[in-house]
1. For region 585-618, which residues satisfy the criterion of being closer than 15 Å to residue 539 by Cα and in a strand (DSSP E or B)?
2. Pick out the one residue from 800, 863, 794 that is among the β-branched types (Val, Ile, Thr), in contact with a Leu (Cβ under 8 Å, 6 or more places away or on another chain) and crowded, with 16+ Cβ neighbours inside 10 Å.
3. Where residues in region 26-49 are in contact with a Gly (Cβ under 9 Å, 6 or more places away or on another chain) and part of a strand (DSSP E or B), which of them is surrounded by the most Cβ atoms within 10 Å (Cβ to Cβ)?
4. Could you please give the count of residues in region 175-192 that are of a type in the set (D, E, K, R) and part of a loop (DSSP other than H, G, I, E, B)?
5. Hey, does region 288-299 have a residue that's of a type in the set (Gly, Ala, Ser) and surrounded by 21 or more Cβ atoms within 10 Å (Cβ to Cβ)?
6. From 211, 197, 250, 245, which residue is over 22 Å from residue 350 (Cβ atoms) and outside the structural domain of residue 338 (by TED's automatic domain parsing)?
7. Kindly establish whether residue 266 is touching a strand residue (DSSP E or B) at 6+ places or on another chain (Cβ under 7 Å), part of a helix (DSSP H, G or I), surrounded by 20 or more Cβ atoms within 10 Å (Cβ to Cβ) and β-branched (Val, Ile, Thr).
8. Does residue 823 count as over 28 Å from residue 657 (Cβ atoms) and either in the same structural domain as residue 708 (by TED's automatic domain parsing) or at pLDDT below 90 (or both)?
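The values are calculated or read from the model by the stated rules, or taken from the named source; none is laboratory data. Computed from a prediction, not measured in an experiment: that's the story for all the values here. Neighbour counts are summed over all protein chains in view; Cβ atoms, including those assigned to glycine, are modelled from backbone coordinates with ideal geometry.
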Amino acid sequence: MKISLQWLARYIDLSGLTLVQITDALPMLGLEVEDTASAGLPPLKNVVIGKILSFEKHPKADKLSVCRVDTGDPAGPRQIVCGAKNFTTNDLVPVALPGAVLPGDFEIKISKLRDVESQGMMCSARELGLGQDHEGLLILTTRNLPVGTSINDHFPQPDTVLDLSITANRGDCLGHIGVARDLAAWFDRPLRLPDLADPTPSAPVPSADAADLLASVATTIDTCPYYTATVIRGVKVAPSPDWLARDLTAAGLRPINNIVDITNWVMLETGQPLHAFDSANIGGRQIKIRPAAPGEKLKLLDQGRTVALETTDCVIADAEKPMALGGIMGGANSGVTDATTNIVLEAAYFRPGPVRKTSRRLAISTDSAQRYTRDADPAGVLFAARRATALIVELAGGTVIGPRVTVGAPPRGDRTIDLSADYVRARCGFDIPDATIATTLRRLGFTVTEQSGAGVPPASGSLKSTTATWRVTVPSFRAEVDRPIDLVEEFVRIHGTATIPSAPIPAPAPGEIENDDSLATFTRRATAHLVGAGHAECCHYTLCDGRDIAALFGQPTADALALANPLTSELGHIRPSLLPGLLEALKLNLAAHNAPRRLFEIGRVFRPTPDGALRELTAVSFVILAEPTTRTWLKRDAVDFFHAKKLALDLAALAGVNPARLQFHLITDEQADTAASATNSKPQTPNPKPGAAAAALWQRNHSAQTTDRARQVELACGLIDARTARARDIKNHTIIAGELLLPRQVFAAEPKRIRFQPFSSYPPTTRDLALVVDAATPAGEVADKLKTTTAKIIGKTFAIESVNVFDLYQGSGLAAKNLPEGKKSLALSLVFRAPDRTLTDDEVNLAFSKLQAELAKNAAWQIRK
């Protein structure tokens with residue numbers, strides 16, 4: 001959207017403001033300035049008004065003319081050779097005399113063209129920097145300018161044009177008034193809207209006086225719920241006055257004629273598109289807003305091409321044919337021409353969705369479609385119609401016939417939102433007087449009235465800040481403002497983020513957010529844990545290539561995860577795992593010599609079930625690229641299977657799974673043969689054979705998997721298969737990985753808040769214990785039992801802080817060393833600590849003796865001496 005500062009100054013006083021201040025303010029208002037440029041006539045020396053006295057054909061060039069031009073020089077007329085054809089005798093034109101330097105550093109000199117001397121150059125608009133028109137000379141005859149005077153005496157100072165990037169939610173700023181409104185609020189200056197003198201009333205049907213030009217208007221399509229038509233008789237189509245043409249040129253549009261230019265100018269002023277029909281081309285004197293008929297075609301006005309219409313398209317038609325594509329472009333058979341004397345001025349509201357659909361299907365992007373697809377203001381239709389009518393009568397003559405025909409009503413009017421000052425202050429995080437809040441919203445066009453409380457400020461002045469509640473009326477041109485938080489955003493936008501005082505943000509607990517669900521809490525904690533472990537987060541598409549799924553999980557899984565209507569073959573399946581994406585990221589980092597070699601991702605994956613359905617799971621996956629080296633003493637941070645297992649168990653603990661109760665099963669070669677079939681089965685056993693998770697993903701005998709049966713949580717970790725790594729051009733590197741799969745029910749309960757627990761500053765005391773237990777008994781189960789039993793024995797006198805397994809011995813035959821068949825030996829360290837004192841040996845030994853006595857009663861466990 002190109003905005004002229006001279007045009008803008010008609011609605012807001014810009015005096016005292018520099019260009020830098022304006023361009024700095026606009027981005028703070030959400031209106032990005034993409035470019036600034038100069039428009040209009042630059043200061044030019046030796047460029048004067050000349051009068052063509054006579055001309056004749058060049059003796060040696062058919063396309064050139066030799067002209068005698070009066071430039072006010074006492075020495076008499078000048079001889080100038082010219083190639084233009086749009087002039088005649090007595091025309092006034094700009095003449096660049098020898099020594100003049102035109103835009104582009106083009107210096108004018110006395111020269112010969114085909115042996116005929118030329119003592120200057122008559123100029124087009126583009127050669128003077130006044131526009132892009134270069135098809136002929138700039139004719140100034142109608143302005144009756146004095147011959148010999150400087151061209152700069154008759155043209156205003158150069159304009160500055162800002163090219164703004166308007167976001168999709170700010171359709172109100174697709175007009176100069178909308179931008180002026182925001183700037184007026186920012187600089188706290190009054191907004192000057194045009195004073196409309198159009199007295200034309202409205203009626204649902206044309207008057208009898210207008211019946212010979214327009215007999216009826218009707219709509220039969222919801223795309224256009226509001227339509228107005230103004231009949232104007234006796235207009236004179238002519239070139240636009242200089243100010244109008246200059247404004248359009250600055251905004252990037254080409255002047256055509258006064259009628260068309262006025263409709264475009266009002267659109268650029270208000271943001272409301274308009275269209276003018278030649279009433280002589282309206283068949284049957286009827287206007288029908290209807291769906292396009294099957295097979296119907298329309299030749300467009302501007303582009304000159306014929307488009308095939310569909311029944312979902314909205315057309316403006318007469319009794320015989322379509323005349324325009326509703327909300328997008330007029331047709332070539334009904335537009336205004338030089339012979340037009342009577343017009344019907346259309347101003348309407350078209351719904352964004354249908355206009356966007358038609359515009360995209362036909363690949364037609366117009367200024368009109370751009371505004372309607374961003375939800376133009378329905379209440380602005382009548383304002384724009386009145387504005388354009390007044391300008392047409394003023395600049396093109398003519399008479400408005402009868403009342404303005406109005407069909408339907410604006411589908412959206414002003415709406416109200418209740419807002420309290422406390423709500424604004426709580427969301428902003430700093431103290432704001434009630435008066436400041438209300439006054440700021442008023443400056444943006446919102447109506448603020450007191451709903452309850454005594455602190456609502458009047459339109460001017462200020463009151464002492466109190467707790468106030470207001471009813472805010474949102475104008476129809478702000479369609480995106482419909483919640484209290486939107487009003488807070490509007491206030492902060494004008495108040496300015498640079499004015500917000502620096503202050504610590506209060507939080508209920510470090511790292512926690514109130515009212516978060518369990519999934520959000522787990523995601524935040526898992527992310528923090530993995531980032532703390534040196535991993536960088538990745539985010540990949542949920543869709544992936546089915547060939548990767550077939551290679552890693554088998555073809556049945558790939559078939560089950562295929563989309564019915566994929567966008568592309570590479571994105572034709574939903575992913576069953578995050579690891580393939582992480583491996584691709586590792587490959588890219590390795591190829592680009594980038595540093596991140598530890599990556600993780602948290603996202604959704606999908607697995608097929610035996611009944612043909614799909615399970616949606618939350619996955620947490622990580623990969624670590626181990627650096628290859630033969631000098632092991634340099635591996636200060638060496639990673640292996642146990643490193644991956646520790647990290648995976650930490651993640652499981654964050655999800656509420658007790659890691660001590662998980663038993664891992666090694667992935668072996670014998671499982672690979674059944675992987676393809678097993679991958680399509682939901683695990684039915686507490687610890688399924690993990691090789692079924694992905695036939696080609698995990699390295700045999702160096703990877704393992706387990707499942708928490710109660711919570712249906714699956715976990716796999718270990719080394720990525722070397723062949724899979726090589727297939728991705730990752731060679732001579734070991735890749736450690738892990739993946740945790742969590743079903744929805746894990747996050748059904750409210751998240752447990754992490755609360756600070758005081759820690760003891762006194763030293764711990766340890767005791768070691770060796771137990772012989774069944775080989776199938778998990779070490780974690782033994783540790784949990786010891787901790788629970790010890791806690792009951794010692795009560796509240798001091799605490800059992802932890803129980804850690806530091807040795808496991810297991811064997812068979814002679815290697816068993818007196819261990820019974822099917823047994824194993826666990827060595828555990830018990831850590832005791834008191835919060836208020838250093839423990840003595842006596843009290844710890846007493847507790848330890850009681851624990852041994854209690855364990856002696858358990859026939860399944862035996863204390864090893």
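1. Once the filter is applied, which keeps residues that are closer than 15 Å to residue 539 by Cα and in a strand (DSSP E or B), region 585-618 yields 598, 599, 600, 601, 602, 603, 604, 605, 618.
2. Numbers: 863 fails: crowded, with 16+ Cβ neighbours inside 10 Å; 794 fails: in contact with a Leu (Cβ under 8 Å, 6 or more places away or on another chain).
The unique qualifying residue is 800.
3. Filtering first and then ranking leaves 48.
4. 3
5. yes
6. Just a single option satisfies the conditions, and that option is 197.
7. Yes: the conditions hold for residue 266.
8. Values: over 28 Å from residue 657 (Cβ atoms): no; either in the same structural domain as residue 708 (by TED's automatic domain parsing) or at pLDDT below 90 (or both): yes.
Here the answer is no, as residue 823 does not meet what is asked.
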